[in-house]
Amino acid sequence: MQLSRRFEEIELLFQGLMESAKSELSESECTEIQEYIDVGEYGLALRTAVAIYAEENKVASIAVRDFIRRLASAMNIDVDQLLGRLPN
């Protein structure tokens, strides 16, 4: 896959993640994640999202979990390790 296509795919997945997470995360939490996305720090953005859910003991919806799974896979990040941090 072309590099530019991969970035487009990741950007679209993050848009979906942020839209799905709006009802679960505060505005400041969403802003924190979005700041990393805006500067292309995708791995940090994804890890921050997972950390917020874990630290705040927030249960991620099925949609959010799916976006996390797809993003981790697209970025070659250990999916099980990330999802394992999420509260049930």
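How much length is gained on full extension from Arg5 to Arg85, taking 0.36 nm per residue of separation minus their Cα-Cα distance?
That works out to 25.9 nm of additional length.
Return one number: the angle in degrees, 0 to 90 and rounded to the nearest 10, between the long axis of the Cα atoms of helix 27-38 and the longest principal axis of the Cα atoms of the chain.
20 degrees
Given the -39500 (n - 2.57) contribution per DSSP H run of 4+ residues, what per-residue ellipticity at 222 nm results for the chain, rounded to the nearest 500 deg cm²/dmol?
Helix contribution divided over all residues of the chain: -23500 deg cm²/dmol.
Could you give the Stokes-Einstein D for the chain in µm² per second, using the C-alpha Kirkwood radius, 25 °C, 0.890 mPa s?
Value of D from the Cα-based Kirkwood radius: 192 µm²/s.
On a 0 to 90 degree scale, rounded to 10, what angle separates helix 3-21 from the longest Cα axis of the chain?
For 3-21 against the chain, the angle is about 20 degrees.
Quick one: longest stretch of the chain between exposed loop GluC sites (Glu not before Pro), exposed meaning at most 14 other C-beta atoms within 10 Å and loop per DSSP?
Here the longest segment lacking exposed loop sites spans 1-40.
Since every read-out is calculated from the coordinates, none of them should be taken as a lab result. Just so it is clear, the model here is predicted, and its values are computed rather than measured. Backbone-built Cβ (ideal geometry, glycine too); neighbour counts: all protein chains shown.
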